[in-house]
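Worksheet: the structure to be examined is printed underneath.
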Amino acid sequence: MEKNLVNLAVMSSFNKRLKKLIEKKSSWLCVGLDMDPEKLGTNDISALKKHTFKVIDATRDFTVAYKPNFAFFERWGAAGYAWLEETVNYIGDDHIKIADAKRADIGNTSEQYAKSIFGHFGFDCATINPYLGSDSILPFTKNKEKGVFVLCKTSNNSSTELQDLLVDGEPLFKHIANLANRININDNIGLVIGATTPKNLKKIREDFTDMPFLIPGVGAQGGSLSKSLIYSNISGVGLINVSRGISFAGDMSEKSIHLAAASYLDQMRKILI
């Protein structure tokens with residue numbers, strides 16, 4: 001019986017694992033690891049790596065997930081990839097590790113991206129660009145324990161140029177959400193919905209009650225924390241990503257980063273609990 005329970009736990013879908021971890025920690029916080037050398041005032045990779053580990057150490061007690069943005073690692077070539085590998089190992093297995101890589105390509109290429117992100121690097125989840133359609137997403141969803149967040153309605157200003165275009169009377173982002181929902185047979189697909197357009201976030205949650213949301217745009221981009229939390233957690237779960245507001249808080253000391261993460265979580269709990 002005990003062995004069977006262990007097997008069932010291992011086979012739990014990514015979305016169920018995320019929901020259970022949020023409930024266990026009473027936290028909806030994802031810390032984005034966007035290690036901008038300009039903000040740190042250095043191009044020394046060892047200093048950037050040290051700061052990355054400092055952010056992780058200062059926030060472990062408050063966050064559900066970490067989201068390294070591949071761009072800030074890839075720009076350094078082989079040294080950056082080594083740093084990314086070390087970062088994933090340093091985070092460990094007690095938190096969700098989201099590869100903010102925004103990958104997608106034709107099916108056989110997406111297969112290789114999935115093997116890289118999930119197999120080589122050991123991430124639990126990846127952000128996916130849906131522009132090529134379902135065959136670019138499905139290779140990332142074969143293992144139900146690994147998840148994807150599909151870019152749906154993003155937080156950047158120019159997202160309206162494509163995502164708000166009407167197709168058969170509905171904005172394109174609604175069609176993206178429909179596609180993601182239709183292929184979510186392994187319960188391991190979620191949506192990226194920006195905090196900067198709360199009315200759209202609310203509408204998408206009303207239409208898609210179970211899918212988890214990853215919500216960027218709170219903090220430096222001016223998105224509403226309270227609306228994002230309330231609307232996304234009406235049903236399902238909404239994970240709030242904060243990058244600059246935590247990683248570069250105050251004097252960027254471990255204490256300042258710790259206090260910033262604690263403050264965000266305290267605000268979240270006051271809103272939802």
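The values are calculated or read from the model by the stated rules, or taken from the named source; none is laboratory data. From a predicted model like this one, the values you see are computed outputs, not experimental measurements. Note that each Cβ is placed from the backbone with ideal geometry, even for glycine, and that neighbours are counted across all protein chains shown.
Structure notes:
- Taking (1) in a helix (DSSP H, G or I); (2) at pLDDT below 95; (3) surrounded by 20 or more Cβ atoms within 10 Å (Cβ to Cβ) in turn, residue 196 satisfies each apart from (1).
- Test for residue 159: is it at pLDDT 95 or above, of a type in the set (Ser, Thr, Tyr) and not in a loop (DSSP other than H, G, I, E, B): no
- Verdict on residue 251 being in contact (Cβ under 8 Å) with a residue 12 or more places away in the chain, in a loop (DSSP other than H, G, I, E, B) and either more than 24 Å from residue 100 (Cα to Cα) or not hydrophobic (A, V, I, L, M, F, W, C) (or both): no
- Search result, residues across the range 38-49 that are without any contact (Cβ under 8 Å) to a residue 12 or more places away in the chain, in a helix (DSSP H, G or I) and either among the small types (Gly, Ala, Ser) or surrounded by 13 or more Cβ atoms within 10 Å (Cβ to Cβ) (or both): 46, 47
- Qualifying residue in the range 84-107 (condition: of a type in the set (Phe, Trp, Tyr) and without any contact (Cβ under 8 Å) to a residue 12 or more places away in the chain): no
- Screening the range 62-130 for helices (runs of 4 or more DSSP H) wholly inside it with 3 or more residues that are more than 16 Å from residue 241 (Cβ to Cβ) returns the ranges 78-91, 107-114.
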